[in-house]
1. For region 260-334, take the convex hull of the Cα atoms, compute a quarter of its surface area, and give me that in nm², please.
2. Put +1 on the Cβ of every Lys and Arg and -1 on every Asp and Glu Cβ in the chain; which of I333, M360, G296 then has its Cα farthest towards the positive end of the dipole?
3. Give me a comma-separated list of calculated 3J(HN,Hα) values for region 230-241, in order, Karplus coefficients 6.51, -1.76, 1.60 applied at θ = phi - 60°, integers in Hz, x for any Gly or Pro.
4. Counting each DSSP H run of 4 or more residues in the chain as -39500 (n - 2.57), what helix-only mean residue ellipticity at 222 nm follows after dividing by all residues, to the nearest 500 deg cm²/dmol?
5. Rolling a 1.4 Å sphere over the protein heavy atoms, what is the accessible area per residue of the chain, to the nearest Å²?
6. Classify the chain: rounded, prolate or oblate, from the alpha-carbon gyration tensor (a ≥ b ≥ c, eigenvalue square roots; a/c under 1.5 rounded; otherwise prolate if a/b is larger than b/c)?
7. Determine the order of F167, F107, F66 by accessible area, beginning with the largest, at a probe radius of 1.4 Å.
8. What full-extension length gain, to one decimal in nm, is calculated for W7 and M225 as 0.36 nm per residue of separation minus the Cα-Cα distance?
Amino acid sequence: MNWRRDWWPLALIAAVFLGFYFLPVASPLVTSSIGEALALAQWYAREHVLTCLVPAFFIAGAIAVFVSKASVMRYLGAGANKVLAYGVASVSGSILAVCSCTVLPLFAGIYRMGAGLGPASAFLYSGPAINVLAIILTARVLGVQLGVARAVGAVLFSIVIGLAMHFIFRREEEAKASAQASLPVPEAVRPLWQTALYFAAMIAILVFANWGSPGVGSGGFWQLMYETKWWLTAAAALALTAMLMGWFGLRWYKAVVAVVPAAILALLWPQYPALAFSAAVLGLSVVIAPDKSELGEWFSESWGLARQIMPLLFAGVLVAGLLLGQPGGRGLIPPEWISAAVGGNGFGANLFAAVAGALMYFATLTEVPILEGLLANGMGQGPALALLLAGPALSLPNMLVIAGVMGWKKTGVFVALVVVMATISGIIFGSFMG
């Protein structure tokens, strides 16, 4: 046995053994926390896996198959024009408006295709953080000042964090840029506009299927979008099917196998749209998985990402639920401690809010009602902004997956940048808000 090499695995095994050995299973707090962890995992499975992660996996797989490395390197590569690269990364993230876990397959896809660390990091932050609907809801529920501060901070964060990651790891990025410059430029298989519409249809499915309710008593455009979300999702799915048939070689009878069962379920049980959505996903998978062309490769890439990411996500969700509980629930860490720690506007309160936000899992829009309750219990305006800037972009499950994609060192720097900038922003905002 090599002690220098094997001390860490041995220490980890010993820690896990001692943890289980002395686990106070009879304690009501432990049993309730385990229930909270399982409940959070169940909620995550019901609300986010099917309509969020599954479309995201298909989009990420499509990036690997249908988008050339030359295109990724041109717009997001280590040697790309900085204004173009960070502009594309920030805008792409804001259009998607996904949570901290749904953005992960997309981030993994562009990073492995050759995107520079800076633009990829900007995309990773902007996807969950620059959510137009969430920012509007923040301004309406928590106040205009907090909503504007969140919007400005999120946009600046995505660019600054990307530039900082590029600067800190500039030697690796310079080596990557040199290697990319020598790669041959492959010819495009189909026109760019066809590929763009294909991705637009998949993004539309992802966005519309997850469109959240703007709240009780709301009206106007946002309410109309929510009421018609499944019709819009179906329209995008049909458009995607037509593209697959016309441009990607999907046979008509295979399209029928994918579409008809979903349509029948939608007509018979319109109150359960998840049934039709599941049938559509399953049907598409069945017809393209055996394909020997690029459609089969698309499924293979999507499945490979799902196989790598899903176990880490659920492990992270369970740990987060065990420690912090569901939104509004109680884990091993009492919520009273969190409420007491984020009062005022001191450095400690802002740092605690940023760290707590980075560890907690927030589904899209759920951070607003949680913060509303914390503010009512004495949370300061500065810590509220710090949590808003760190929380939606990070979570414990999110960190585990990022580490699997780009390593613990880069993940640690990314998390530290988000937490430090959120803390400083909270202090500055809190000082102006009195």
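The values are calculated or read from the model by the stated rules, or taken from the named source; none is laboratory data. All figures in this text were calculated on a predicted structure; none of them were measured in a lab. Note: ideal-geometry Cβ built from the backbone for every residue, glycine included; neighbour counts use all protein chains shown. Heads up: the accessible areas ignore ligands, DNA and RNA and are worked out on the full protein's heavy atoms, side chains in. Shrake-Rupley method; radii C 1.70, N 1.55, O 1.52, S 1.80 Å.
1. Numbers: hull surface 28.5 nm².
Mean projected area of the Cα convex hull: 7.1 nm².
2. Working it through, the farthest residue towards the positive pole turns out to be G296.
3. Once rounded to whole Hz, the list reads 6, 5, 5, 5, 5, 5, 5, 5, 5, 5, 4, 4.
4. Values: 22 runs with 328 residues, N = 434.
So the calculated ellipticity at 222 nm is -24500 deg cm²/dmol.
5. Working: 20590 Å² over 434 residues.
Computed with neighbouring chains in place, this is 47 Å² per residue.
6. Working: a/c = 1.41, a/b = 1.28, b/c = 1.10.
Rounded.
7. My answer, sorted largest first, is F167, F66, F107.
8. Values: separation 218, 0.36 × 218 = 78.48 nm, distance 5.59 nm.
In short, 72.9 nm is gained.
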